[in-house]
Amino acid sequence: MMMEERKDTLIAIHYPAKWGKKDFIKNLCSHTGLLLAPYYSVQTISPVPEIRNFAIFEKEEFHTPTNITPIIKADDKREGIVTIKEYDTKIILEAIKKEMTVSRVPLDIYADVGEKGIIKALEEVTIALTTERDHQRLLALILERARFLSQSDAGSLYLIDKNDDDSGKAFLRFALAQNDSIKTNFAEKIMPLTTRSIAGQVAITGEILLIKDAYRIPEKAPYSHNKKFDSESGYRAKSMLVLPMKNSRGEIIGVLQLINRKKDFEKKIESLDKIDEIVIDYSESIVQLMRSFSSVAAVAIENNQLIKSIERLFEGMVEASVTAVEQRDPTTSGHSLRVSILTLSLAEAVNKCQEGRLKDFYFNERDLRQIRYASILHDFGKIGVRENVLVKEKKLYPHQFESIMSRIEIASLTKERDSLKQIISLLEKGKNEQERIESIKSEIEKYKKIMSDIEETVRRCNEPTILPERDFKFLQELAKITYLTSKGEEKQLLSSDELKVLSIPKGTLTEEERLEIESHVTHTFEFLKKIPWTEELKNVPDIAYAHHEKLNGEGYPRKLTRSQIPLPSMMMAISDIFDALSAADRPYKKAVPIEKTLDILKMEANSGQLDKDLVDLFIEAKVYEKTLHLRKVSKEL
């Protein structure tokens with residue numbers, strides 16, 4: 001809008017850094033001819049030389065830097081201040097346009113590069129300030145644009161870093177080098193932070209170095225040019241402009257080194273004999289421009305590093321969360337990681353799909369990040385499930401089983417004791433009761449046999465296998481069996497609750513326990529929705545919430561159907577089932593062979609529980625092989 005009206009003007013707008021995500025700031029960033037620069041305090045605002053500078057404030061400031069025109073929200077007009085009714089893109093642009101018309105300031109746009117080049121370069125760095133997440137791409141963009149603006153044949157970028165050990169000693173990281181005239185095999189390296197090198201001198205002192213000839217640096221200077229690269233490559237560094245990169249707090253975070261400014265930026269230095277014809281000195285106007293540029297670039301790098309550190313912090317929290325869950329059930333260790341790998345691999349397979357229904361789906365980088373976090377955190381809700389339920393190996397808890405075994409033993413011993421008392425009584429009477437004694441002994445053995453059969457049945461029914469019909473009937477008969485305690489009290493051998501648990505037809509869980517296990521999905525969702533996800537990750541809770549839903553509405557916890565289940569959740573369901581079935585033996589189940597596991601997936605797809613296209617792709621693309629190296633699986637085929 002503005003540059004169409006006035007094609008001879010580049011404008012800088014400084015704004016509070018905390019407003020970076022506001023819509024009107026984002027919209028201003030998209031306008032050609034505007035350089036948007038965030039500030040953290042009024043004192044840190046650095047006007048861009050040679051162009052008109054405006055600064056948006058929350059309220060009127062009385063210590064505004066010179067050459068800055070304030071913009072504030074106010075109803076009344078104020079001298080020297082642009083007042084607006086609302087912080088709105090259109091209103092701000094119209095106010096600036098009006099101010100530029102009333103107070104027309106002559107501007108000296110550098111003829112060296114041209115206005116369009118300056119606008120484009122500054123615009124790209126400004127956009128990168130808020131959008132570029134890839135650290136290396138950001139550094140490359142900064143160096144490319146810096147060389148373009150200054151018409152430099154080559155350039156280097158250094159970052160100040162610190163050792164991870166207790167010393168915290170600072171050093172220079174030679175992060176990037178570019179050269180238009182020769183090919184360079186650049187490799188990042190570490191350099192000591194001393195004044196012996198040109199970059200080190202600038203990093204330590206914070207002063208700009210303007211060098212006319214790198215080979216004629218005064219001997220008294222503490223620094224010198226390292227000619228090793230020149231001698232090995234046949235290059236010749238002559239004019240140099242080396243600037244400190246200062247963040248908004250005035251701290252030096254790196255060094256921008258520009259080499260060999262050229263009369264004609266498009267021309268390459270093909271012969272050292274012509275270097276004096278091609279290379280020129282850096283002018284004062286270029287120095288001023290690059291000083292501002294380096295500040296903008298420093299903020300971009302710092303923001304990028306901050307984002308990366310926040311991401312590393314979040315990754316650490318995610319890893320710690322998963323570890324906390326898996327330590328409660330060590331037998332499932334690694335399950336969350338494997339599910340995330342399988343689901344991401346299936347997503348990538350979908351992206352490559354060229355036919356069928358799935359060819360219309362594509363997961364971009366943002367989608368893949370959402371899928372990864374949702375997959376790796378899908379079982380976090382198990383933290384809210386009782387540990388004894390979570391790791392239940394058999395139908396009865398150990399203390400319940402031991403209690404029944406003790407009762408069976410007590411019943412046998414009590415019966416034997418009472419029988420022996422009868423035999424002793426008969427013998428004491430001196431009567432010839434041998435036939436009666438033998439009968440009593442026979443009864444003892446029969447009772448022991450009954451107790452042994454009960455013990456064997458209880459042990460068998462306690463296993464997490466399908467309960468045979470004969471055992472179910474036998475358990476029903478046990479409800480009638482009583483025994484005498486050592487005190488002579490008659491009690492039921494197995495309680496109704498114990499018989500109910502042993503009568504579970506399949507698996508180890510009662511209905512109540514099954515619902516408690518299933519509640520982990522809701523716990524996961526409740527936990528994830530409390531995290532202030534960014535806009536690009538806002539779907540993570542919903543994806544994880546639906547990973548146990550089935551297309552036919554038979555899943556849990558919400559009984560969703562196909563149209564209600566996100567595609568990433570459908571993919572995660574397949575990965576989750578595959579890993580749960582085929583992973584190494586768990587105390588409550590044996591690992592299912594891979595081929596049989598794949599057959600189960602097909603069967604569930606055919607019955608309408610899983611997405612058939614996704615299951616077919618999972619198998620055809622051999623997605624299931626992606627995690628075999630991370631775990632033990634059943635080798636039987």
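Sorted on the mean count of surrounding Cβ atoms within 10 Å across their residues, most packed first, peptides 182-195, 232-245 read 232-245, 182-195. Which of the GluC sites (Glu not before Pro) found in the range 243-336 are loop residues per DSSP with 11 or fewer other Cβ atoms within 10 Å of their Cβ? Passing sites in the range 243-336 are Glu266, Glu270.
The spacing between the range 142-206 and the range 475-545, judged by their C-alpha centroids, is 61 Å.
Ordered from largest to smallest accessible area (heavy atoms of protein chains, 1.4 Å probe), the residues Glu61, Glu604 come out as Glu61, Glu604. Our summary gives the range 466-567 a relative contact order of 16 percent, counting only alpha carbon pairs under 8 angstrom and 6 or more residues apart. In the set [x] 0.95; [y] 1.04; [z] 1.22, which value of Rg/Rh (Cα atoms, Kirkwood Rh) was calculated from the structure you see? Answer label, from the structure shown: [z]. Sorting Leu551, Leu157 by accessible area puts them as Leu551, Leu157; the probe is 1.4 Å, largest comes first, and only protein heavy atoms count. For chymotrypsin sites (Phe, Trp or Tyr not before Pro), no site in the range 250-309 is both called loop by DSSP and has at most 13 other Cβ atoms within 10 Å. Which of rounded, prolate, oblate describes the range 265-318, given a ≥ b ≥ c as roots of the alpha-carbon gyration tensor eigenvalues and a/c under 1.5 marking rounded, otherwise prolate only if a/b is larger than b/c? Here the range 265-318 falls in the oblate category.
Exposure check, 1.4 Å probe, all protein chains in place: His629 carries approximately 140 Å² of accessible surface.
If you take the Cα centroid of the range 284-333 and the Cα centroid of the range 216-263, the two points sit 29 Å apart. Leu172 exposes around 0 Å² of accessible area when a 1.4 Å probe is run over every protein chain in place. Going through the cross-link list Lys212/Lys274; Lys183/Lys238; Lys394/Lys487; Lys308/Lys529; Lys183/Lys352, which pairs have a Cα-Cα distance over 26 Å in this structure? From Lys212/Lys274; Lys183/Lys238; Lys394/Lys487; Lys308/Lys529; Lys183/Lys352, over 26 Å: Lys394/Lys487; Lys183/Lys352. Its relative contact order, with pairs defined as Cα atoms under 8 Å and 6+ residues apart, puts the chain at 9 percent.
Straight-distance candidates among the lysines for linking to Lys97, with alpha-carbon spacing under 25 Å and chain neighbours fewer than 8 residues away dropped: Lys7, Lys21, Lys22, Lys26, Lys59, Lys73, Lys77, Lys85, Lys116, Lys120. Among the trypsin sites (Lys or Arg not before Pro) within the range 529-576, those in coil by DSSP and having at most 13 neighbouring Cβ atoms inside 10 Å are Lys530, Lys538, Lys559.
Sorting 413-423, 485-495 by average packing, meaning the other beta carbons within 10 Å per residue, from highest down gives 413-423, 485-495. Each Lys or Arg adds one and each Asp or Glu takes one away; over the other residues whose Cβ falls under 13 Å from the Cβ of Leu172, this sums to +3.
The values are calculated or read from the model by the stated rules, or taken from the named source; none is laboratory data. Note that the structure is predicted; figures quoted are calculated from it, not measured. All Cβ positions, even for glycine, are placed from backbone atoms using ideal geometry, and neighbour counts span all protein chains on display. Keep in mind that these areas ignore ligands, DNA and RNA; they rest on the heavy atoms of the full protein, side chains included. Shrake-Rupley method; radii C 1.70, N 1.55, O 1.52, S 1.80 Å.
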